[in-house]
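This is the structure I have questions about; it appears just below.
The values are calculated or read from the model by the stated rules, or taken from the named source; none is laboratory data. What you see is a predicted model; the values in this text were computed from it and never measured. Here Cβ is always computed from backbone atoms with ideal geometry, including for glycine, and neighbour counts include all displayed protein chains.
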């Protein structure tokens, strides 16, 4: 059972919440997350900070549900259930 704190933070742990908060403050001039600064503040390697950030962001979006996705990223149920069309990835053989 999730603690009341995890319910209040959409199922994220304290460390995940802290990382997301830092990612809103530590940004580069171009607006991208500065993982070097986050790594220094959290005493981890920049690559680890980036990995945990990505996983935490996905977890948050999953916990928030479809409402968290912008309209262009949402999939209809039929699209979500559709099988991938791998044949479309293979170039046609025009030699015949």
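Quick check, is residue 19 modelled with pLDDT of 90 or more and not in a helix (DSSP H, G or I)? Before the answer, list the steps.
Numbers: modelled with pLDDT of 90 or more: yes; not in a helix (DSSP H, G or I): no.
No: the conditions fail for residue 19.
Could I ask something else about it? For residue 85, state whether it is at pLDDT 55 or above and either exposed (fewer than 10 other Cβ atoms within 10 Å of the Cβ) or under 15 Å from the mean Cα position of the chain (by Cα) (or both).
Working: at pLDDT 55 or above: no; either exposed (fewer than 10 other Cβ atoms within 10 Å of the Cβ) or under 15 Å from the mean Cα position of the chain (by Cα) (or both): yes.
The answer is no for residue 85.
If you don't mind, another one. For segment 21-34, what are the residues that are surrounded by 17 or more Cβ atoms within 10 Å (Cβ to Cβ) and within 14 Å of residue 57 (Cα to Cα)?
The answer is 22, 23, 33.
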